[in-house]
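Enquirer: Before I ask anything, let me first share the structure, which is written out below as structure tokens.
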Amino acid sequence: MFVDLFVRGLIMMIFVSGSVVISYYTTRLIAYLVPIARISEILLWSGTVIISAALLMGIAYYYVYHGFGIQTDIIRRRPSAGNKVVLTFDDGPSREYTPDILKVLAEKGVKATFFMVGSHVEKYPGIAKQIIEEGHEAGNHTYGHITVPNSPPPQLAAQIMRTNLVILQTTGAYPQYLRPPRGLYDMRMRRIAKLLGQELVLWSLSSQDWQSRASKASITRRVVERAKGGDIILFHDSGSLLSSEGANRKPTVEALGPIIDGLRARGLEIATTQEFMEYPAEQSRRLSV
Ligand SMILES: [Zn+2]
């Protein structure tokens with residue numbers, strides 16, 4: 001277990017220092033090409049930090065939204081689903097916001113998928129039950145909203161299996177889907193998902209409702225303007241950037257109705273994750289793990 005974590009830490013350090021070195025020489029090259037007489041040390045290191053951060057963020061973005069190599073076992077979108085899109089909610093259930101979200105979904109006749117945190121299901125079993133009773137689908141979002149690649153193997157397996165059990169015992173439904181917190185997965189999680197008969201479902205469009213400055217208008221505009229057929233759209237009914245509970249999700253609740261109307265006005269149909277699974281994946285070759 002410690003060897004595993006040591007190797008992971010070492011890989012991360014090599015990765016970060018590699019990008020710092022690349023950024024340092026890129027800054028020097030820019031300084032050489034742009035005719036500034038002499039670049040100061042401060043400018044050189046500021047440039048290095050900015051380029052490193054951009055490089056690492058770009059790699060992280062690619063890893064979450066595309067992945068490296070063939071990843072037909074990870075579902076981010078389903079272009080073959082035509083004009084259909086799926087709505088998903090992470091980090092709940094929450095006592096403050098999930099009931100209001102369920103109300104809007106019922107009023108609009110829409111079914112969604114809730115990627116629930118196991119400990120939150122234990123805290124609010126009645127709301128978790130209501131989600132399933134009202135015809136929505138359950139997904140597993142780990143027991144304590146862990147960072148998957150950093151988790152020791154026994155902890156990772158326990159986090160996933162315990163949440164499956166909690167959701168099953170509380171709601172009577174076995175979660176068919178698994179979504180890693182912050183979209184950070186690894187090969188171990190992909191293998192566990194396969195073993196437990198669960199699909200790894202990420203997303204292709206984030207409402208960015210976790211941002212502190214997100215408003216009803218900004219969330220609505222972003223989702224309605226950007227959504228295209230085949231998208232899996234990410235919202236949150238709990239959670240904040242750093243913790244899995246506690247942020248203000250009022251803008252998400254208020255934006256939901258206008259978003260559903262806006263998507264329908266654009267000719268998009270709101271489907272369930274299960275319906276999406278019936279459409280073929282982009283590549284027919286499955287990754288053997
Ligand atoms: Zn989350």
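Each value in this text was obtained by applying a stated rule to the coordinates, not by laboratory testing. From a predicted model like this one, the values you see are computed outputs, not experimental measurements. All Cβ positions, even for glycine, are placed from backbone atoms using ideal geometry, and neighbour counts span all protein chains on display.
Enquirer: Fewest to most neighbouring Cβ within 10 Å: what's the order for Tyr61, Tyr124?
Expert: So the ranking, lowest neighbour count to highest, is Tyr61, Tyr124.
Enquirer: Helix-only mean residue ellipticity at 222 nm, the chain, DSSP H runs n ≥ 4 weighted -39,500 (n - 2.57), per residue, nearest 500. What is it?
Expert: That calculation yields -16000 deg cm²/dmol at 222 nm.
Enquirer: A follow-up question, please. Add +1 for every Lys or Arg and -1 for every Asp or Glu among the other residues with Cβ under 10 Å from the Cβ of Thr113, and state the total.
Expert: Computed value for this residue: 0.
Enquirer: If you take the alpha carbon radius of gyration of the chain and divide it by 2.2 N^0.38 Å, what ratio comes out, to two decimals?
Expert: Its radius of gyration relative to the 2.2 N^0.38 Å reference: 1.10.
Enquirer: With springs only between Cα atoms under 10 Å apart, run a GNM on the chain and tell me which of Asp73, Asp186, Asp90 wobbles the most.
Expert: Asp186
Enquirer: How big is the antiparallel share of DSSP beta bridges in the chain, given as a percent to the nearest 5?
Expert: Counting only bridges with both partners in the chain, antiparallel ones make up about 5 percent.
Enquirer: Quick check on my link table: of Lys108/Lys129; Lys111/Lys194; Lys129/Lys194; Lys129/Lys216; Lys84/Lys108; Lys84/Lys250, which ones sit more than 22 Å apart, alpha carbon to alpha carbon?
Expert: Lys111/Lys194; Lys129/Lys194; Lys129/Lys216; Lys84/Lys250, as the Cα separations exceed 22 Å there.
Enquirer: Right, another one. Can you compute the charge dipole magnitude of the chain about its Cα centre, using +1 on each Lys and Arg Cβ and -1 on each Asp and Glu Cβ, nothing else charged? Give it in debye, rounded to the nearest 20.
Expert: So the magnitude is around 560 debye.
Enquirer: In addition: With a/c under 1.5 counting as rounded, go ahead and sort the range 20-92 into rounded, prolate or oblate using the C-alpha gyration tensor (a ≥ b ≥ c being the square roots of the eigenvalues; past the cut-off, prolate if a/b is larger than b/c, else oblate).
Expert: Judged from the Cα gyration tensor, the range 20-92 comes out prolate (a/c at least 1.5, a/b above b/c).
Enquirer: Sum up the charges of everything whose Cβ sits under 14 Å from the Cβ of Lys84, counting Lys and Arg as +1 and Asp and Glu as -1, but leave Lys84 out.
Expert: Net charge in that neighbourhood comes out at +2.
Enquirer: Follow-up. Evaluate the relative contact order of the range 74-277 (contact order divided by residue number), counting alpha-carbon pairs under 8 angstrom at least 6 apart; express in whole percent.
Expert: 33 percent
Enquirer: Taking R0 as 45 Å, what's the FRET efficiency between Thr26 and Glu225 from their Cβ-Cβ distance, rounded to 0.05?
Expert: 0.85
Enquirer: Ok, one more. I'd like the distance separating the alpha-carbon centroids of the range 50-88 and the range 139-202, in whole Å.
Expert: Comparing the Cα centres of the range 50-88 and the range 139-202, I get a distance of 19 Å.
Enquirer: Just rank Ser218, Ser23, fewest to most, by other beta-carbon atoms within 10 angstrom.
Expert: Ser218, Ser23
Enquirer: Which loop-located GluC sites (Glu not before Pro) does the range 99-137 contain, where loop means any DSSP state but H, G, I, E or B and the Cβ has at most 14 other Cβ atoms within 10 Å?
Expert: Glu134
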